[in-house]
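Engineer: Here it is: the structure, laid out below.
The values are calculated or read from the model by the stated rules, or taken from the named source; none is laboratory data. Because the structure is a prediction, the values reported are computed rather than measured. Using ideal geometry, Cβ is built from the backbone for each residue, glycine included, and neighbour counts are taken over all protein chains shown. Ligands, DNA and RNA are excluded from the accessible area calculation, which covers all protein heavy atoms including side chains. Shrake-Rupley method; radii C 1.70, N 1.55, O 1.52, S 1.80 Å.
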Amino acid sequence: MQRIVSIWFPHFPIERLRKTIKHSAGAGNGASHRFKPFNPSSSSQYLEATQSSACEKRVGELDRPQPFVLAKPGPYGIRITAVNVTAHDAGVRPGQSLADARAALPTLRTRNAEPTRDAAALRALARWTGRYGPSRNTDGADGLWIDITGVAHLFGGEAALCDDLQRRLTDMGLTPRFGIADTLGAAWALARFSSERPVFCLSGCGEQADAASRGALSLLPVEGLRIAPEAVLLLQRLGLYSIGQLYDLPRAALTRRFREVQRKARKDEMITHADAVMLRLDQALGVVREPRRPLVEQPARIVTRVFAEPLLSSVGIETATADCVIDLCRAMGEACEGLRRARLTLYRTDGTCGQIWIGTATTSRDARHMIRLLSDKLAAFDAGFGVDVVALEAVVVERSAPEQTASAALDHAPIPGGVTQTSIAQLADRLANRLGSRSVYRLIPCESHIPEHAEAALSVLSGWSSARLSTDKRHEWGEGQRRRPPFLLEAPEPITVIAEVPEGPPNRFVWRRLSHRIVKAQGPERIEPAWWRHIGAKAPKHGRLRDYYAIEDDRGGRYWVFREGLYERTKEEGPPGWYVHGLFG
């Protein structure tokens, strides 16, 4: 049975702004920088470089018990988007007009809302909550959800997990409210509308779990179903104020009643509202499965280390990482799996986290090789105030044949020169992970009769085994064989040609200011252009045909040249041109 934690921050924009201003004031006074994330984009929303005097003034405005709101302009004037506790107690609510709020409360202080920074801060917080479960994401503009299925026992149970999470969020200056249930809809409603903090939906199996969910939700208001305000208003007009009143209500009757209380509305709108209410109810009770989209790609396997005292030294972090790698490789070996892509996440104590990605060209479960790949990037990691959780996730794994690892001599069959295919792949892994996956690539054959399109550059991390070319078709200098040079120029280079007959092979050509006399020639091999790529009324000409010749000069050099176009089509296409396209060696 799955367990979902929903976290609601009633005053998140206000608390995020207070934290930003306080941090900026500390930075302006020469205080140490508290947030030192590995990925700057994940925590840049906490930074706002301003002068210290201005920051201190703003801190005073937020810390004093005065009504304070955030507002932004809209199509119907300036509207309030967030309020602090004092303003809320005075009757100011989000969505209210700023002019009306100021008329009722002249001492109200305001500031422009920053929804973009709020959203970025919430995403960074959701990324940090991965320490409590790999599947998590933001929920609206002021909430998060975490799937803690199978994770709570690592913290001593759901209550201990919730206490630890609440303590850390409170230390960050946030005011969280929790709901834990078997479904996201139920947890969302409990976090926002239940009087108990935190809320636990009783666990059970079968009918017991269903009865527990129904009982926990029955007394909550209908707003807890995450439905549109119009649907909430229609339910209240019908006298339906709690979720429990909807349990035994016939669905056809709900649509009819919606239509009766608002006759001017279209019938399809009433059906849509009624269907939305029942769908949300079924999702909250677990009758209908609700799709969820996690924040990050979900791992196939994960190994986690939690530390009571944060790790500050690089030696401690590298040791913890090595332990995770060994356990992960052991688990993959038992399942006959190999790693292709992994993510190392280091959670700091200040509410930020850093991620390190590695990839392999072939399936690998060599612990020493993986540790070496991670060590190259761990050297640049900033631990800040310490790392207390290390999580190594195998994001992409592939099936791999069992292999004997007791003897290095029997590990892989050698290839000429004493170098194994595995050592070549590991060298490619190190170069690609250090220089970037786009900096190290290999050429692979493609299905195309156009020579320059018959190969493509592909990152080595996308697979090494497929790069082994077949040796069945060899490039030989013989009659009846298709001649393809081992070396193609980046682009065909023009040459000046003297031919005995217009449509025949060249007799002499000049390339790069050097004259070559031809003593041997084979061809032509005619290659038509890919006309189907340019089908359309306004498509340009699809190109001209090519006649390729394999030639050899008097000094033993062998070249692959072609004539583009035909002399007989000079009036339609222009005069033909000669080019050298490759070298045979």
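Engineer: In this structure, does Leu344 turn out to be outside any strand (DSSP E or B), crowded, with 16+ Cβ neighbours inside 10 Å and of a type outside the set (Phe, Trp, Tyr)?
Structural biologist: On the way: outside any strand (DSSP E or B): no; crowded, with 16+ Cβ neighbours inside 10 Å: yes; of a type outside the set (Phe, Trp, Tyr): yes.
The answer is no for Leu344.
Engineer: Restricting attention to the range 352-387, and to residues there that are closer than 20 Å to Gln298 by Cα and among the hydroxyl-bearing types (Ser, Thr, Tyr), which single residue is surrounded by the fewest Cβ atoms within 10 Å (Cβ to Cβ)?
Structural biologist: Thr363
Engineer: Going by the structure shown, is Thr422 modelled with pLDDT under 75 and buried (at least 16 other Cβ atoms within 10 Å of the Cβ)? Explain how you work it out, then say what you get.
Structural biologist: Working: modelled with pLDDT under 75: yes; buried (at least 16 other Cβ atoms within 10 Å of the Cβ): yes.
Considered against the rule, which asks whether it is modelled with pLDDT under 75 and buried (at least 16 other Cβ atoms within 10 Å of the Cβ), Thr422 comes out as yes.
Engineer: Of everything in the range 85-112, what is aliphatic (A, V, I, L, M) and surrounded by fewer than 21 Cβ atoms within 10 Å (Cβ to Cβ)? Give them in sequence order. Walk me through it before giving the result.
Structural biologist: Pass one, the range 85-112, residues aliphatic (A, V, I, L, M): 85, 87, 90, 92, 98-99, 101, 103-105, 108.
Across the range 85-112, the qualifying residues are Val85, Ala90, Leu98, Ala99, Ala103, Ala104, Leu105.
Engineer: Here's a follow-up. May I ask you to say which residue of Arg512, Arg508 is more than 53 Å from the chain's Cα centre (by Cα) and of a type outside the set (Val, Ile, Thr)?
Structural biologist: Result: Arg508 is the single residue among Arg512, Arg508 that is more than 53 Å from the chain's Cα centre (by Cα) and of a type outside the set (Val, Ile, Thr).
Engineer: For the range 299-351, which positions are within 23 Å of His153 (Cα to Cα), out of contact with any strand residue (DSSP E or B) (no Cβ under 7 Å at 6 or more places or on another chain) and among the small types (Gly, Ala, Ser)?
Structural biologist: The answer is Ala308, Gly351.
Engineer: If Leu328 meets every condition in (1) in contact (Cβ under 8 Å) with a residue 24 or more places away in the chain; (2) open to solvent by 70 Å² or more (accessible area, probe 1.4 Å) apart from one, which number is that one?
Structural biologist: (2)
Engineer: With the checklist (1) modelled with pLDDT of 90 or more; (2) open to solvent by less than 80 Å² (accessible area, probe 1.4 Å) in hand, flag the one item Gly504 doesn't pass.
Structural biologist: Going through (1) modelled with pLDDT of 90 or more; (2) open to solvent by less than 80 Å² (accessible area, probe 1.4 Å) one by one, Gly504 breaks only (1).
Engineer: With respect to Ser515, is the statement that it is surrounded by 10 or more Cβ atoms within 10 Å (Cβ to Cβ), at pLDDT below 80 and among the polar types (S, T, N, Q) true? Let's see the steps before the verdict.
Structural biologist: Numbers: surrounded by 10 or more Cβ atoms within 10 Å (Cβ to Cβ): yes; at pLDDT below 80: no; among the polar types (S, T, N, Q): yes.
No, not satisfied.
Engineer: If you take the residues of the range 472-484 that are open to solvent by less than 90 Å² (accessible area, probe 1.4 Å) and either outside any loop (DSSP other than H, G, I, E, B) or modelled with pLDDT under 70 (or both), which of them is nearest to His369 (Cα to Cα)?
Structural biologist: Among residues in the range 472-484 that are open to solvent by less than 90 Å² (accessible area, probe 1.4 Å) and either outside any loop (DSSP other than H, G, I, E, B) or modelled with pLDDT under 70 (or both), the one nearest to His369 (Cα to Cα) is Arg483.
Engineer: Can you confirm whether Ile14 is within 24 Å of the chain's Cα centre (by Cα) and either among the charged types (D, E, K, R) or modelled with pLDDT of 90 or more (or both)?
Structural biologist: For Ile14, the condition - within 24 Å of the chain's Cα centre (by Cα) and either among the charged types (D, E, K, R) or modelled with pLDDT of 90 or more (or both) - is not met.
Engineer: Suppose we filter the range 431-463 for residues that are touching a helix residue (DSSP H, G or I) at 6+ places or on another chain (Cβ under 9 Å), open to solvent by less than 70 Å² (accessible area, probe 1.4 Å), not hydrophobic (A, V, I, L, M, F, W, C) and not in a loop (DSSP other than H, G, I, E, B); how many remain?
Structural biologist: So the answer is 3.
Engineer: In the range 289-315, what count of residues is obtained for those that are part of a loop (DSSP other than H, G, I, E, B) and exposed (fewer than 13 other Cβ atoms within 10 Å of the Cβ)?
Structural biologist: Final tally of qualifying residues: 6.
Quick grid of which residues meet (1) under 23 Å from Thr170 (Cβ atoms); (2) of a type in the set (Asp, Glu); (3) modelled with pLDDT of 90 or more:
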| position | (1), (2), (3) |
| --- | --- |
| Val5 | yes, no, yes |
| Lys19 | yes, no, no |
| Asn29 | no, no, no |
| Gln45 | yes, no, no |
| Glu48 | yes, yes, no |
| Glu56 | no, yes, no |
| Ser97 | no, no, yes |
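Engineer: Shifting gears a bit: Do the conditions hold for Gly338, that is, is it in contact with a Ser or Thr (Cβ under 6 Å, 6 or more places away or on another chain) and open to solvent by 40 Å² or more (accessible area, probe 1.4 Å)?
Structural biologist: When the stated conditions are applied, Gly338 does not pass them.
Engineer: Now, a different point. Out of curiosity, is Thr405 surrounded by 11 or more Cβ atoms within 10 Å (Cβ to Cβ) and modelled with pLDDT under 55?
Structural biologist: When the stated conditions are applied, Thr405 passes them.
Engineer: Would you please list the contacts, defined by Cβ atoms under 6 Å and residues six or more apart or on different chains, that run from a residue in the range 156-177 that is farther than 21 Å from Asp142 by Cβ and in contact (Cβ under 8 Å) with a residue 24 or more places away in the chain to a residue that is open to solvent by less than 20 Å² (accessible area, probe 1.4 Å) and assigned to a helix (DSSP H, G or I)?
Structural biologist: Within 6 Å, the pairs are Glu158/Ala152; Leu161/Ala152.
Engineer: Are there any pairs, at least 6 apart or on different chains, whose C-beta atoms fall under 8 Å, with the first in the range 128-139 and more than 10 Å from Val389 (Cβ to Cβ) and the second surrounded by 22 or more Cβ atoms within 10 Å (Cβ to Cβ) and polar (S, T, N, Q), and if so, which?
Structural biologist: Pairs that qualify, where the first residue is more than 10 Å from Val389 (Cβ to Cβ) and the partner is surrounded by 22 or more Cβ atoms within 10 Å (Cβ to Cβ) and polar (S, T, N, Q), are Arg136/Thr129; Asp139/Ser6.
Engineer: Examine the range 388-402 for a residue that is out of contact with any helix residue (DSSP H, G or I) (no Cβ under 7 Å at 6 or more places or on another chain), among the acidic types (Asp, Glu), open to solvent by less than 10 Å² (accessible area, probe 1.4 Å) and touching a residue at least 12 places away in the same chain (Cβ under 8 Å), and state whether such a residue exists.
Structural biologist: Yes: the range 388-402 contains one or more residues that are out of contact with any helix residue (DSSP H, G or I) (no Cβ under 7 Å at 6 or more places or on another chain), among the acidic types (Asp, Glu), open to solvent by less than 10 Å² (accessible area, probe 1.4 Å) and touching a residue at least 12 places away in the same chain (Cβ under 8 Å).
Engineer: It is to be established whether one or more residues within the range 244-264 are within 20 Å of Thr183 (Cα to Cα) and either open to solvent by less than 30 Å² (accessible area, probe 1.4 Å) or modelled with pLDDT under 85 (or both).
Structural biologist: Within the range 244-264, one or more residues are within 20 Å of Thr183 (Cα to Cα) and either open to solvent by less than 30 Å² (accessible area, probe 1.4 Å) or modelled with pLDDT under 85 (or both).
Engineer: In this structure, does Ala537 turn out to be at pLDDT below 90, open to solvent by 40 Å² or more (accessible area, probe 1.4 Å) and in a loop (DSSP other than H, G, I, E, B)?
Structural biologist: Values: at pLDDT below 90: yes; open to solvent by 40 Å² or more (accessible area, probe 1.4 Å): yes; in a loop (DSSP other than H, G, I, E, B): yes.
Yes: the conditions hold for Ala537.
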